[in-house]
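Here's the structure we're looking at; comments come further down.
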Amino acid sequence: MPTPKATPIQASDMTQEILQSILRRQNAPLWLVTRVQIIVRALAGQSNSAISEELSLDRGSVRLWRDRWHSATEKRKALEAGEASQQELEAFIIDSLRDGYRSGTPPKFSAEQVVQIVAIACEDPQASGYPVSHWTPKEVALEAVKRGIVESISPRQVGRFLKRG
């Protein structure tokens, strides 16, 4: 089975100058330098396999950034044609090489539940039948379950809520 051809990419002289200036910076973040190196090598005609070997990266990562660069070509060309400043073009290039948004896991506890748990910690423990003068996260967790605020919660999670204030 033949290997698929790499997505062809292109960049204007101005864009290539910006990429080279990013590579020359001493304070550029590693993620940015790595992605710019991928693009510069791809523009030089190197294959994804060769780039991945040179930079010690996964070939899929190289393909991802080559594809993302390709998908931003029209906007980049429009910026250049619209006579955007070099700073605006550079900002767009850097932004196009950033990670995409990741939503993450939805929160397990609602804001209302968190507020109720923190409120328990503000109450007098003796009023709830605990023979102590101060709440511990374990006792707050037990009380939150007892009151039906949550089905279950760890003392560690209660501690995180209380630490956040």
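The values are calculated or read from the model by the stated rules, or taken from the named source; none is laboratory data. Since we're looking at a predicted model, the values are computed, not measured. As a convention, Cβ positions derive from the backbone with ideal geometry for all residues, glycine included, and neighbour counts pool all protein chains shown.
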Quiz item: Taking the condition modelled with pLDDT of 95 or more, under 26 Å from the mean Cα position of the chain (by Cα) and either loosely packed, with under 13 Cβ neighbours inside 10 Å or among the charged types (D, E, K, R) (or both), does Gln20 pass?
Solution: yes
Quiz prompt | Some residue of the range 87-97 being over 30 Å from Ala28 (Cβ atoms) and over 18 Å from the mean Cα position of the chain (by Cα) | solution = no
Practice problem: For residues that are aliphatic (A, V, I, L, M) and free of Cβ contacts under 8 Å to residues at least 12 places away in the same chain, scanning just the range 108-131, find the one that is farthest from Gln157 (Cα to Cα). | Solution: Ala127
Quiz item: Tally time: how many residues in the range 127-138 are over 11 Å from Ile117 (Cα atoms) and either surrounded by 11 or more Cβ atoms within 10 Å (Cβ to Cβ) or touching a Ser or Thr at 6+ places or on another chain (Cβ under 7 Å) (or both)?
Solution: 5
Quiz item: Of all the residues that make up the range 12-60, how many are within 16 Å of Arg98 (Cα to Cα), in contact with a helix residue (DSSP H, G or I) (Cβ under 7 Å, 6 or more places away or on another chain) and not hydrophobic (A, V, I, L, M, F, W, C)?
Solution: 3
Quiz prompt | Where a residue in the range 34-50 is touching a residue at least 60 places away in the same chain (Cβ under 8 Å) and its partner, wherever it lies, is not basic (Lys, Arg), with Cβ under 6 Å and at least six apart | solution = Arg35/Trp65; Arg35/Leu97; Val36/Leu19; Val36/Ile22; Val36/Leu23
Practice problem: Check Ser85, Ser96 and return the single one that is of a type outside the set (Lys, Arg), surrounded by 12 or more Cβ atoms within 10 Å (Cβ to Cβ), within 30 Å of Ile18 (Cα to Cα) and free of Cβ contacts under 8 Å to residues at least 40 places away in the same chain. | Solution: Ser96
Quiz item: If Leu30 satisfies every condition in (1) within 19 Å of the chain's Cα centre (by Cα); (2) surrounded by 13 or more Cβ atoms within 10 Å (Cβ to Cβ) but one, which is the exception?
Solution: (2)
Quiz item: Before we move on, is Pro131 touching a Gly at 6+ places or on another chain (Cβ under 6 Å) and either more than 24 Å from Leu30 (Cβ to Cβ) or not assigned by TED's automatic domain parsing to the domain that holds Leu19 (or both)?
Solution: no
